[in-house]
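Below you'll find the structure, written out as structure tokens, and then a few comments.
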Amino acid sequence: MVDSIRVENVTKTFTRRYQRTLKQITVAKTRGQKTLDEFNAIDDVSFTIEQGESIGLMGLNGSGKSTLLKMINGVMRPDTGSILTRGTISGLIATGAGFHPQLSGRDNLVLNAAILGMSEKETKRKFDAIVDFAGLEDKLDGQVGHYSSGESARLGFAIAIHVDSDIFLADEVLAVGDKPFRAKCMERMLEIRDSGRTLFYVSHSAATVRRMCTRVLILDKGRLVFDGKPAKGITYLGYDEDETENPIDLDENDIGADI
Amino acid sequence: MTDLAADPVSQAPVDEADLPPLVAPSSRTGLKAVVQRRYLLKLLVRREISARYQGSVLGLMWSYINPLSQFCIYFFVMGVIFNLHKSIPNFAIHIFSAIVIVHFFTETMGAGTRSIVRNRQIVQKMAMPREMFPVATMLTSLYHVGPQLVILVVACGLSGWVPDAYGMASLVVGIAIIMLLGTGFALLLSAANVFFRDVGSAVNIFMNLIRFGVPMIYSYEMVQTRFGSFAQYYLYNPIADAVLLFQRAFWVGTVDPSNPQQPVMPEHLLGWGVSMVGVSIVVLGIGQVIFSRLEGKIPERL
Ligand SMILES: Nc1ncnc2c1ncn2[C@@H]1O[C@H](COP(=O)(O)OP(=O)(O)O)[C@@H](O)[C@H]1O
Ligand SMILES: [Mg+2]
């Protein structure tokens, strides 16, 4: 097997700024208060993922999951350590990024697809499939600003899920859209997993992770505290009790857990 | 913690040589990468063009109302009140050719400075060459130069314009200077604006100064008579050169040879212009280097 994602001793430090203007900073300094504070959002994390694995990334809010995903995606750079990836990356991260409320769904679709890395040809080829998946045929020429939040989220999802890539990242995604749409997304994710692409999936839902993933990573305050089989990981987190029978047909509690 | 063995999904042996190499996911940036993704660039420019005035009644007209209103102010205040249109032949064309250039530059720099912050949604989520946004603003401003040129050409035609090859070359060089210089400044300022939002306000002051550093409401002849041989230092300002090149392209050809007031242009203007293209490339290079330095921290500071 070949490595798909290689993360070595990665640390990412963020700065919390308490004051912004010169006046506030001066006042804080004279009072001897702290004006900024550094902390490691990701702290010396290492792991290697092979091509075709599907990983569930879990952990409490603020444990650094999104930060890690952003570094794998290439949006942020690690302060120390290195991240290497093989092939193209896409995912449910930037869904709807760059949507312009005053432009039509059609224009936004084309632009968003390009932002996610699709070529002109690829967009033309997949256009109908995307519109069909989003279920927005009749609203395509209307302004995105007039879509309901669920509708614009659906459009964003539909585009993102149609991008070809070797690595697919998803960050707490199934919280949007109505129930049939969520089921469709879930099915699509399973398809992606079974096509041999590397899947990297952030979720709080034990049921989905159990269903989707071959391995679980757990972050706690930026540190990697667990790396192993899903069942053990879920036990580690104490999420066992949230189990649902059929993960594709997620019930409302489970969706809540995904937010 | 060490329960590592995950089920391998496929057992087929894979030859690593056939696969794309392991690379840092954030590696493809810079102006070169922007050119490689020109399809996206084209769409971003198109979005900016069609979205800028959507929903306003006059729409695209606003792109012309702004320079035209400036034109009227300068023409009436300077020309009529201070009587400059007596000492500068075809004063209106003299002003307007300068306004087209200055407006192109200030639009590029002003909108360029805000471009990254305005697109923060994309910048925070997608890995892409972020130079894309300042470059797209420059191209959007360039697009708006087109119709202004049409107005200028029509006005010149009505005043008996005789185009010439040297003038057309000057036109191209003048535009090139602003494209390069504007992108350079936009790069630098757009990154700086992420860290200090004050940059946007400071830029506005700077842009007001630009209008007085170029021969718009006064002529180059006045600079020469006032400063004599020091007038050449005036030419070290690339924006002033771009304006002069534009006036060489349009205004000079409209003055009738029999007119006792003949336009005065610096010697070797095109040579100056070409050197300023070089200077602008250097500025662009510096802009790119600083941008790359700051870029790593942009997504987390937005
Ligand atoms: N740009 C930023 N600047 C400063 N702190 C940040 C920034 N982004 C995230 N953080 C902080 O880093 C920590 C980890 O955030 P995140 O990766 O979003 O957590 P998760 O996705 O696991 O909920 C949080 O405490 C968050 O407040
Ligand atoms: Mg998160």
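Since every read-out is calculated from the coordinates, none of them should be taken as a lab result. Here the structure is a predicted model, which means the values were calculated and not measured. Virtual Cβ from ideal backbone geometry, glycine too; neighbours counted across all protein chains shown.
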**Study point:** Kirkwood hydrodynamic radius of the protein assembly as shown, Cα pairs, Å
**Key:** 26.8 Å
**Study point:** the stretch A:44-64 residues near the modelled residue A:221 label - backbone nitrogen below 19 Å, point 7 Å along Cα→Cβ
**Key:** A:44-46, A:58-64
Check your understanding: Using θ = phi - 60° and the Karplus curve 6.51 cos²θ - 1.76 cosθ + 1.60, what whole-Hz ³J(HN,Hα) does each residue of the stretch A:102-110 get, with Gly and Pro shown as x?
Key -> 8, 9, 6, x, 4, 4, 5, 4, 4
**Study point:** Cα gyration tensor of chain A - equivalent ellipsoid semi-axes, whole Å, descending
**Key:** 31, 26, 19
Check your understanding: Relative to the first principal axis of the alpha-carbon coordinates of chain B, what is the inclination of helix B:198-210, with its axis defined by its Cα atoms, in degrees from 0 to 90 and to the nearest 10?
Key -> 20 degrees
Review point. Using θ = phi - 60° and the Karplus curve 6.51 cos²θ - 1.76 cosθ + 1.60, what whole-Hz ³J(HN,Hα) does each residue of the stretch A:223-229 get, with Gly and Pro shown as x?
Key: 9, 7, 9, 8, 8, x, 5
**Study point:** For residue A:92, residues with placed amide H under 5 Å, excluding near neighbours
**Key:** A:169, A:170, A:171
Study note, to complete from the structure: Gyration tensor (Cα only) of the stretch A:69-163 to equivalent ellipsoid, semi-axes in Å sorted down, yields 27, 15, 10
Review point. Using a simple charge model, +1 on the beta-carbon of Lys and Arg, -1 on the beta-carbon of Asp and Glu, nothing else, what dipole does the protein assembly as shown show about its Cα centre, in debye to the nearest 20?
Key: 2180 debye
Check your understanding: Taking the inverse of the average 1/r across all pairs of different Cα atoms in the stretch A:123-231, what Kirkwood radius in Å do you get?
Key -> 15.4 Å
Revision key, fill the gap. In order over the stretch A:74-88: 3J(HN,Hα) from phi, Karplus 6.51/-1.76/1.60, θ = phi - 60°, whole Hz, x for each Gly or Pro, gives x, 6, 10, 10, x, 6, 9, x, 9, 10, 10, 10, 10, x, 7
Exercise for review: Search the structure for amide H atoms under 5 Å from the amide H of residue A:4, placed 1.01 Å from N in the peptide plane, and list their residues when 5 or more places away or on another chain.
Suggested key: A:49, A:50, A:51
**Study point:** Rounded D (µm²/s) - chain B, Kirkwood Rh over Cα pairs, Stokes-Einstein at 37 °C, 0.692 mPa s
**Key:** 153 µm²/s
Point to revise | Size of the stretch B:137-232 as Cα extents on the principal axes (Å, biggest first) | key: 51, 36, 20
**Study point:** At R0 = 22 Å, FRET efficiency that the Cβ-Cβ distance of residue B:202 and residue B:121 yields, to 0.05
**Key:** 0.30
Study note, to complete from the structure: When A:167, A:89 are arranged by how many other beta-carbons sit within 10 Å of their Cβ, fewest first, they go A:167, A:89
Review point. Taking only C-alpha pairs under 8 Å that are 6+ residues apart, what is the relative contact order of the stretch A:1-87 in percent?
Key: 47 percent
Point to revise | Counted charge near residue B:251, where neighbours are those whose Cβ lies closer than 14 Å (Asp, Glu -1; Lys, Arg +1) | key: -2
Review point. Among B:287, B:167, B:157, which one moves the most in a GNM of chain B with springs linking Cα atoms closer than 10 Å?
Key: B:157
Check your understanding: Can you list the residues, at least 5 places off or on another chain, whose amide H is less than 5 Å from the amide H of residue B:130, using H built in the peptide plane?
Key -> B:30
Review point. At what distance in nm do the modelled label points of residue A:21 and residue B:227 sit from each other, each positioned 7 Å from its Cα along Cα→Cβ?
Key: 3.9 nm
**Study point:** Label-point gap, in nm, between residue B:264 and residue A:179 - each point 7 angstrom along Cα→Cβ
**Key:** 8.4 nm
Check your understanding: Expressed in whole Å with the largest first, what are the equivalent ellipsoid semi-axes of the stretch B:111-175 derived from the C-alpha gyration tensor as the square root of 5 times each eigenvalue?
Key -> 37, 13, 7
Exercise for review: Under a 10 Å cutoff between Cα atoms, tell me which one of A:171, A:141, A:227 has the largest fluctuation in the Gaussian network model of chain A.
Suggested key: A:141
Revision key, fill the gap. When B:268, A:204, B:85 are arranged by how many other beta-carbons sit within 10 Å of their Cβ, fewest first, they go B:268, B:85, A:204
Study note, to complete from the structure: Exposure-ranked with fewest Cβ neighbours within 10 Å first, A:164, A:107 stand as A:164, A:107
Point to revise | Among beta bridges that DSSP assigns inside chain A, antiparallel share in %, nearest 5 | key: 55 percent
Revision key, fill the gap. Placing each pseudo-label 7 Å from Cα in the direction of the beta carbon, residue A:48 and residue B:35 end up separated by a distance in nanometres of 3.8 nm
Revision key, fill the gap. Of all C-alpha pairs within the stretch B:203-302, those more than 19 angstrom apart amount in percent to 56 percent
Practice item. Kindly express, to the nearest 10 degrees and within the range 0 to 90, the angle between helix B:62-74's C-alpha long axis and the longest C-alpha principal axis of chain B. Key: 30 degrees
